[in-house]
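Let me begin by presenting the structure, written as structure tokens, before commenting on it.
The values are calculated or read from the model by the stated rules, or taken from the named source; none is laboratory data. What you see is a predicted model, and the numbers here were worked out from it, not measured in a lab. Every residue, glycine as well, gets a Cβ built from its backbone with ideal geometry; the counts of neighbours run over all protein chains shown. Surface accessibility is based on the protein's heavy atoms, side chains included, excluding ligands, DNA and RNA. Shrake-Rupley method; radii C 1.70, N 1.55, O 1.52, S 1.80 Å.
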Amino acid sequence: MSDRQIWYTRCPVPTALGVAVRRGNLDLALAHLGVGFASIQLSGDRVKQASHFTHVLPDSIRHGGNTPAIFARSQGADTRVVALSWTPTAHPILTLPQSGIRSVRDLKGRRLALSSRPNEPIDFWRAAALAAYETALASEGLTLSDVELVDLSVARAYLDDGRLLPGRLAAGGDLQREEVFALIRGEVDAIYSQSSFAAEVVSFTRAQVIYDVGSHPDPLARANNALPEAFTVSASLIEREFEAVATILAHSLAAAEWAAGHHREAVRIVASEQRVAEETVEVAYGDQLTGRLDIDLSPFRRTALARRKDFLLRHGFIRADFDLDGWIDPRPLERAREIVASWRADGLEPGELPEPPFVATPEARERVHLA
């Protein structure tokens with residue numbers, strides 16, 4: 001293992017980083033720079049794996065849900081947001097047909113499941129469900145005070161849940177086990193789900209969607225844990241290994257472009273990341289999936305991230321506020337775009353992987369800066 005080491009992790013959702021890792025060559029590109037590249041998930045070290053949620057591991061990068069990233073920063077983790085992604089998917093409120101619930105209006109006075117993991121540093125799923133309920137209820141002029149929120153205690157750690165860490169088989173069970181069985185037993189009237197989890201819940205229970213927050217007419221109102229997903233990097237790593245961080249982002253940019261033109265292959269990678277059938281991925285994300293893996297720092301995505309921070313602060317998921325603009329560092333992404341432009345100057349098609357040594361020739365670099 002190299003003395004200069006970068007640890008990486010990503011959520012089991014469609015991410016440009018996940019696609020870049022699965023396509024190969026990224027570790028070789030970093031090796032050319034003298035930097036090792038290792039998976040937190042495959043480390044076999046539970047302390048390291050926990051950093052997926054807390055970002056306390058030095059020299060690490062993470063691409064995934066924004067709730068753990070925001071929590072970590074509020075707790076003092078010295079991280080920077082270097083990119084954001086926005087991959088649309090369903091965020092439905094689900095009920096069983098026999099409940100008599102046919103619309104959001106029918107939720108008034110009903111019991112909504114809210115899982116609780118008191119032993120976790122950040123309960124990201126509870127935060128996601130609460131945000132979805134709040135948004136759905138507001139669409140009909142209702143608030144959380146108009147429903148009964150039913151706490152479902154879960155002693156199991158997120159690290160023990162299957163599919164929460166790509167590439168690592170866990171022994172625990174499915175993320176929504178308690179919620180699903182509470183719904184089946186009639187202990188609650190509705191539950192929240194998302195993406196491929198929702199597709200599987202619907203298939204298993206025959207539940208019906210009464211509202212999909214992912215289809216809200218205001219795109220900003222769709223903001224939740226997975227919208228936007230945050231690409232965060234240890235701040236010290238950016239300073240010490242700037243070119244390596246930019247190279248990772250460059251390969252992620254290329255992976256997103258490649259996915260847009262290779263739908264079937266990209267779906268296969270996402271299914272592998274989530275450990276679900278390809279058909280489940282298609283149901284969860286639809287045809288738009290492979291064209292929406294791009295990463296950027298657009299004003300819209302930054303505003304959505306700010307909304308998420310404010311929500312988590314308002315509901316007590318984080319206790320300390322922080323400066324969002326100061327958390328964002330655009331320099332690595334700017335450099336990554338230069339790297340991709342230099343690959344194109346060397347004649348590579350969009351999304352095509354460069355061959356060793358994975359760096360642009362001096363002539364190509366000059367053409368980029370003159371363009």
- Enumerate the pairs (first residue in the range 195-209 and within 14 Å of V270 (Cβ to Cβ); second residue anywhere and open to solvent by 70 Å² or more (accessible area, probe 1.4 Å) and not small (G, A, S)) with beta-carbon separation below 7 Å, excluding pairs fewer than 6 apart on the same chain, so at least 6 apart or on different chains. A199/V283
- Query: Pick from R62, R105: which is buried (at least 18 other Cβ atoms within 10 Å of the Cβ) and basic (K, R)?
  - Reply: R62
- Note on the structure: Flagged pairs (Cβ under 7 angstrom, 6 or more apart or on separate chains; first in the range 143-161, open to solvent by 20 Å² or more (accessible area, probe 1.4 Å); second in a helix (DSSP H, G or I) and not hydrophobic (A, V, I, L, M, F, W, C)) are L144/Y133; L144/E134; L152/E178; L152/E179
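Within the range 26-41, identify whether any single residue is over 28 Å from F204 (Cβ atoms), hydroxyl-bearing (S, T, Y) and at pLDDT 90 or above, and answer yes or no.
Yes: one or more hits.
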- The number of residues in the range 233-278 that are open to solvent by 30 Å² or more (accessible area, probe 1.4 Å) and small (G, A, S) is 5
- Task: Report, by residue number, each residue of the range 222-239 that is assigned to a helix (DSSP H, G or I) and touching a residue at least 60 places away in the same chain (Cβ under 8 Å).
- Result: R222, A235, S236, L237, I238
- Taking the range 83-115, which residues are of a type in the set (K, R) and outside any loop (DSSP other than H, G, I, E, B)? R105, R111
- Query: What is the one condition in (1) over 27 Å from E338 (Cβ atoms); (2) among the basic types (K, R); (3) open to solvent by 10 Å² or more (accessible area, probe 1.4 Å) that R301 does not satisfy?
  - Reply: (1)
